[in-house]
Amino acid sequence: MRNVRIHVEPPLAIGDQLALPAQAAEHVARVLRMVAGDALTLFNGDGRDYQATILAASKRGVLVSIDSALDAAREPPLALTLAQAIGRGDKMDWIVQKATELGVARIVPLLTERTQVQLDTARARKRVEHWRAVAVGACEQSGRALLPAVMAPLALPEWLAQADAEPGLRLALEPGAEQKVRTLHFTVPRVTLVVGPEGGLGAGDLQRLHEAGFAGVSFGPRILRTETAGLAALAALQALHGDC
């Protein structure tokens with residue numbers, strides 16, 4: 001039996017009736033061909049799953065009633081922030097999708113010395129909206145009921161200047177670094193991981209990161225692509241110190 005999960009924005013409460021947003025309604029009624037009496041799950045990012053029943057489904061829309069709610073309890077004990085230099089093409093879509101599935105709490109798109117993507121204000125806004133939609137889809141698929149925060153793109157120095165001072169491990173993937181992912185030790189279950197673009201982090205980037213307390217860490221002797229490196233490190237961190 002399939003478990004259909006749909007993200008909605010409004011607050012949800014047991015006993016409420018809700019008309020699904022147009023895009024979600026079209027997916028439920030036309031793509032999945034669900035009908036009155038079918039069950040589905042709604043979530044709005046508050047950490048709970050809301051069990052609902054379809055009251056009516058047609059070309060005009062889908063009306064559901066909310067029957068019950070429960071804590072999803074699918075968030076890892078390790079709070080992960082991925083600060084990822086923006087890659088070319090659709091690489092960020094892949095990174096956002098898979099990082100969300102791996103349980104990342106926050107994604108920060110970075111502009112570094114070697115970032116080849118140029119974004120003006122309008123284009124950056126559209127890209128963030130798109131990436132947030134990608135994260136929503138990944139939450140629907142993976143069962144997460146909390147949406148990761150997808151931040152607006154920032155230049156590395158600007159991000160470092162405003163980065164929070166919360167305790168936790170600060171890491172930058174750096175080929176050749178002596179420290180390995182498997183040897184990391186935690187005092188606080190919070191990690192911020194910086195990943196460079198296609199050409200890697202520049203010398204100025206690394207100097208700024210080291211001055212800000214980021215330790216270099218390598219992921220074995222092989223050089224991984226930007227769309228592989230961060231995801232592999234996140235998976236390893238979850239396996240060694242999270243809930244995988």
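The values are calculated or read from the model by the stated rules, or taken from the named source; none is laboratory data. It should be emphasised that the depicted structure is a prediction, and the values quoted were computed from it without experimental measurement. Methodologically, a virtual Cβ is constructed for each residue, glycine included, from the backbone with ideal geometry; neighbour enumeration extends over all protein chains shown.
At-a-glance table
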quantity	calculated
Unique residue being out of contact with any strand residue (DSSP E or B) (no Cβ under 7 Å at 6 or more places or on another chain), over 24 Å from residue 113 (Cα atoms) and among the charged types (D, E, K, R) when the list is 164, 243, 205	243
Qualifying position, being farther than 17 Å from residue 148 by Cβ and buried (at least 18 other Cβ atoms within 10 Å of the Cβ), among 62, 108	62
Odd one out for residue 68 among (1) crowded, with 17+ Cβ neighbours inside 10 Å; (2) out of contact with any helix residue (DSSP H, G or I) (no Cβ under 9 Å at 6 or more places or on another chain)	(1)
Residue match in the stretch 184-206 (condition: among the acidic types (Asp, Glu) and within 21 Å of residue 96 (Cα to Cα))	yes
Some residue of the stretch 2-11 being modelled with pLDDT under 95, within 26 Å of the chain's Cα centre (by Cα), of a type in the set (S, T, N, Q) and surrounded by fewer than 18 Cβ atoms within 10 Å (Cβ to Cβ)	yes
Some residue of the stretch 27-46 being at positive phi and surrounded by 15 or more Cβ atoms within 10 Å (Cβ to Cβ)	yes
Filtered residues of the stretch 27-51 (kept if over 25 Å from the mean Cα position of the chain (by Cα) and farther than 15 Å from residue 68 by Cβ)	29, 30, 31, 32, 33, 34, 35, 36, 37, 38
Extreme residue, nearest to residue 176 (Cα to Cα), among residues of the stretch 232-243 that are touching a residue at least 24 places away in the same chain (Cβ under 8 Å) and surrounded by fewer than 21 Cβ atoms within 10 Å (Cβ to Cβ)	236
Count - residues of the stretch 111-139 that are in contact with a Lys or Arg (Cβ under 7 Å, 6 or more places away or on another chain) and surrounded by fewer than 17 Cβ atoms within 10 Å (Cβ to Cβ)	1
